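Okay, so here's the structure we're looking at.
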Amino acid sequence: MATMKALTPEELRRVLKIAAGESKRNHAMILLAFRHGLRASEVCGLKLPDVDLKKNAITVRRLKRSLETAQPLTDVQGEPVLSELRVLKAWLAERSDPSEFLFTSQKGGRLDRSAFYRLFADIAERAGLSSDKRHPHCLKHALGYAMVARNVNLAVIKQALGHRSIASTALYAVATDEMAGKALNQTMADLF
């Protein structure tokens, strides 16, 4: 089975920097898609009431019979391109569409997932990403793999990604030779 494609942290930063330089909306969409492991249709389906800036939280209604979750919105000190609260506040200050949807199209109303796909693919190409990493679902994969690489419990990753089944989450738990080597060395150090 081939591994799912995911953006590296460096690739994610390049994509976010390009998006931030062009559009507050695009920056916010891409950052939220990564930070909350959202599918393109879930990003486009977010509504204004889903974002609670007083409680610094977002409600995510997952598709494909997955879970609905409430997750914190955060700021990352020293990393403005990764600071959700600042990015969202900047987008909301600029946003003027009367639509109930958080992310609106230039023509007004809900942004379509195919439009999100096209804008992400364009930004990813300009960021130098290979063609197999130009799909917004790579953002969700990036979050899953990043959490596994930091030894986060699969049950926690399952909740963060909104999976109904742990089997969906287990696909991210792919051990590399480097990971196995580190674990073996740590085990030996702990034993003796």
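Summary of computed values
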| item | result |
| --- | --- |
| Helix-derived mean residue ellipticity, 222 nm - over the chain, DSSP H n ≥ 4, -39500 (n - 2.57), to 500 | -15500 deg cm²/dmol |
| Farthest toward positive dipole pole in the chain [+1 Lys/Arg, -1 Asp/Glu at C-beta], among 6, 128, 53 | 53 |
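No lab work stands behind these numbers, since they all come straight from the coordinates. For clarity, every value in this text was computed on a predicted model and none was experimentally measured. Reconstructed Cβ throughout: ideal geometry from the backbone, glycine too, with neighbour counts over all protein chains shown.
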